[in-house]
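Below: one structure, written as structure tokens.
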Amino acid sequence: MLAHEIDYQIYGEEMQYVEIELDPQEVVVAEAGSFMMMDNGIQMQTIFGDGSQQQTGLFGKLLSAGKRVLTGESLFMTAYQNQNMHKSKVCFASPYPGKILPIDLTQFQGKFICQKDAFLCAAKGVAVGIEFSRKLGRGLFGGEGFIMQKVEGDGMAFVHAGGTLAQKELKSGEVLKVDTGCIVGFTKDVDYDIEFIGGIKNSLFGGEGLFFATLRGPGTVYIQSLPFSRLADRIIASAPKSGGSSREEGSLLGGLGNLLDGDNRF
């Protein structure tokens, strides 16, 4: 194997974290901001790109870092190496409520395609790159643009899904229609495109957007019930306006409560 062979354990239900067990000198790389805790003796190092063993020289590192910029990610990742003479552990946490999905790339022909903000961490040697779409419709209306993220190699990678995670096994030619934001990832043989919902009433008043994704088998697809964009929209919609009280979320009764309390702000 080119990638480091790591052991892991996932803990929790709604707010999960993954515990990675490293043998001496083994390394795991992770997105900035995902670190939770680690044993003494594990060394942190900021690196360009994904730290995969395929990178050689300054040019390779700059190319890898540039690919991450195209996906909207940071130029840097963090590598955690076990400097002890015994096994040590490091933990990475989910960014918001959901599930952590372990991906054994040896079971997916060495490649897995996912939305650009789903990647959490991976064994050193796993390459984190970009997946360009050659279809104009997907690029313009797919929600993820022309670019999605891909992880390649023969090691373990971990991605995060919001809410509840659903796994669908598609047969050859079988089609699954999904909200564009609800896709976590899929195997490399799955064909992904965008379809217009159609109908004036659906388009103007349906509240589900103008497009959904069509995923055609064969392959495996992972779907999330709570995309971060949907969670963020609800939080923003519920936030008090201009320093107003949270009691206003009760509409008319909330406003009357403020009036009775001497609060005239509406």
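Students often check this: by mean Cβ neighbours within 10 Å, which of 8-16, 120-128 ranks highest, and how do the rest follow? Don't skip to the answer; put the middle values down first.
Values: 8-16: 13.0, 120-128: 25.6.
Descending mean neighbour count gives 120-128, 8-16.
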Phi to ³J(HN,Hα) by Karplus 6.51 cos²θ - 1.76 cosθ + 1.60 over region 167-178, Hz, x for Gly, Pro: 10, 10, 9, 9, 7, 4, x, 6, 10, 10, 9, 9
Region 76-136: proportion of alpha-carbon pairs further apart than 16 angstrom, %: 60
Estimated distance in nm for a label pair at Ala239 and Glu19, the labels positioned 7 Å out from Cα along Cα-to-Cβ: 3.6
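Just to verify a number: FRET efficiency for Asn84 and Gln45, C-beta to C-beta distance, R0 = 25 Å, to 0.05? Let's see the in-between values first.
Values: r = 16 Å, r/R0 = 0.63.
Rounded to the nearest 0.05, the efficiency is 0.95.
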Efficiency of FRET from Cβ geometry, Ser172 and Gln9, R₀ 51 Å, rounded to 0.05: 0.90
Pairs from Lys124/Lys177; Lys87/Lys116; Lys124/Lys188; Lys87/Lys168 whose Cα-Cα separation, in the structure shown, is over 25 Å: Lys124/Lys177; Lys87/Lys116; Lys87/Lys168
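Read-outs throughout are calculated quantities, based only on the coordinates presented, and are distinct from any laboratory measurement. Since this is a predicted model, take the numbers as computed values, not measurements. FYI the Cβ positions are ideal-geometry reconstructions off the backbone, even for glycines, and counts take in every protein chain you see.
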